């Protein structure tokens, strides 16, 4: 798998790596639980908690959640402007996915049924469809490599999210319990060469991912991506019919064009 960690859209390509530990950019708030030792490059507690959350999700035959995504853009004056959109995802392994994204500017939906990926632009009532491999992991790669489609938050659905998340981390730190929308969560922080990222994992028997923040530290202004994941459902049934696309009334079908292959790779 050639995946992105939890977000889709051009970040966190993973490979093996390690570096020396770094001190936190600022001290924890007064009264906060102590962080991992500054001498630890990789905190075992942070690793174990992340593995627990990733494995818990990978073992679910079906799940759904809602959420909100905040993405910053740096304008010409250097000001960071934050834009948001809502998200809803339904997953049924090994080959069912439905994703809805909505903002004031765009509304798009995605269906994958083990055979076809369909993308609907609800604002313009256009849709396109492309044949895909029969599993989620393979379809994710094919959508990106053949059509340039990076589905947001898609790393939550792959078969081994932990391996994808940890392959290039340089440091991993644990910052204790912190609430996310009144849910007590373990707060973890990781660094890589091109990004820093934090994740909040629910404390208790269901280690659900409740929040994550990614800082694009090599981009001008160091913009951030933030996601809050709410309304998790890991037990409710999801019908196979939910992953089959039915065109809305008056919808127009357009061609999904394949991306041009990299000439250097073709040699």
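The values are calculated or read from the model by the stated rules, or taken from the named source; none is laboratory data. The structure displayed is predicted, hence computed values, not measured ones. As a convention, Cβ positions derive from the backbone with ideal geometry for all residues, glycine included, and neighbour counts pool all protein chains shown.
Is it the case that residue 130 is in contact (Cβ under 8 Å) with a residue 60 or more places away in the chain, in a strand (DSSP E or B) and buried (at least 16 other Cβ atoms within 10 Å of the Cβ)? Steps first, please.
Working: in contact (Cβ under 8 Å) with a residue 60 or more places away in the chain: yes; in a strand (DSSP E or B): yes; buried (at least 16 other Cβ atoms within 10 Å of the Cβ): yes.
Yes: the conditions hold for residue 130.
Tally time: how many residues in region 143-162 are without any contact (Cβ under 8 Å) to a residue 60 or more places away in the chain and surrounded by fewer than 17 Cβ atoms within 10 Å (Cβ to Cβ)? Quick ask: steps written out before the conclusion?
Restricting attention to region 143-162, the residues satisfying the condition of being without any contact (Cβ under 8 Å) to a residue 60 or more places away in the chain are 143, 149.
Now narrow it down to the ones that are surrounded by fewer than 17 Cβ atoms within 10 Å (Cβ to Cβ): none.
The qualifying residues number 0.
Looking at 67, 78 in this structure, which one is touching a residue at least 24 places away in the same chain (Cβ under 8 Å) and outside any strand (DSSP E or B)? If you could, list the steps in order and put the result at the bottom.
Numbers: 67 fails: outside any strand (DSSP E or B).
One residue alone meets the criteria, 78.
Could you tell me whether residue 165 is touching a helix residue (DSSP H, G or I) at 6+ places or on another chain (Cβ under 8 Å), surrounded by 20 or more Cβ atoms within 10 Å (Cβ to Cβ), at negative phi and not in a strand (DSSP E or B)? Working first, answer last.
Working: touching a helix residue (DSSP H, G or I) at 6+ places or on another chain (Cβ under 8 Å): yes; surrounded by 20 or more Cβ atoms within 10 Å (Cβ to Cβ): yes; at negative phi: yes; not in a strand (DSSP E or B): yes.
Yes, satisfied.
Restricting attention to region 230-257, report how many residues are within 30 Å of residue 200 (Cα to Cα) and in a helix (DSSP H, G or I).
Residues meeting the conditions: 2.
Yes or no, residue by residue, for (1) crowded, with 20+ Cβ neighbours inside 10 Å; (2) in a strand (DSSP E or B); (3) within 15 Å of the chain's Cα centre (by Cα); (4) at pLDDT below 95:
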site	(1), (2), (3), (4)
185	yes, yes, no, no
194	no, no, no, yes
197	yes, yes, yes, no
201	yes, yes, yes, no
205	no, no, no, no
225	yes, yes, yes, no
228	no, yes, yes, no
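Looking at region 168-183 only, could you name the residues that are in a loop (DSSP other than H, G, I, E, B), surrounded by fewer than 22 Cβ atoms within 10 Å (Cβ to Cβ) and in contact (Cβ under 8 Å) with a residue 60 or more places away in the chain? First the steps, then the outcome.
We begin by selecting, within region 168-183, every residue in a loop (DSSP other than H, G, I, E, B); these are 168-170, 181-182.
So of that shortlist, the ones also surrounded by fewer than 22 Cβ atoms within 10 Å (Cβ to Cβ) come out as 168, 170, 181-182.
Once the filter is applied, which keeps residues that are in a loop (DSSP other than H, G, I, E, B), surrounded by fewer than 22 Cβ atoms within 10 Å (Cβ to Cβ) and in contact (Cβ under 8 Å) with a residue 60 or more places away in the chain, region 168-183 yields 168, 170.
Listed residues 151, 156; which is in contact with a strand residue (DSSP E or B) (Cβ under 8 Å, 6 or more places away or on another chain), under 21 Å from residue 207 (Cβ atoms) and modelled with pLDDT under 95?
Working: 151 fails: under 21 Å from residue 207 (Cβ atoms).
None of the other options fit; the residue is 156.
Scan region 22-40 and tell me whether some residue there is closer than 30 Å to residue 236 by Cα, surrounded by fewer than 16 Cβ atoms within 10 Å (Cβ to Cβ) and either modelled with pLDDT of 70 or more or out of contact with any helix residue (DSSP H, G or I) (no Cβ under 7 Å at 6 or more places or on another chain) (or both).
So the first thing to find is which residues in region 22-40 are closer than 30 Å to residue 236 by Cα, and the list is none.
Scanning region 22-40, I find no residue that is closer than 30 Å to residue 236 by Cα, surrounded by fewer than 16 Cβ atoms within 10 Å (Cβ to Cβ) and either modelled with pLDDT of 70 or more or out of contact with any helix residue (DSSP H, G or I) (no Cβ under 7 Å at 6 or more places or on another chain) (or both), so the answer is no.
Out of 128, 114, I need the residue that is on the phi > 0 side of the Ramachandran plot and at pLDDT 95 or above. Which one?
Details: 128 fails: on the phi > 0 side of the Ramachandran plot.
When all the criteria are applied, what remains is 114.
If we keep just the residues of region 85-123 that are under 21 Å from residue 224 (Cβ atoms) and loosely packed, with under 13 Cβ neighbours inside 10 Å, which is nearest to the chain's Cα centre (by Cα)?
Of everything passing the filter in region 85-123, 106 is nearest to the chain's Cα centre (by Cα).
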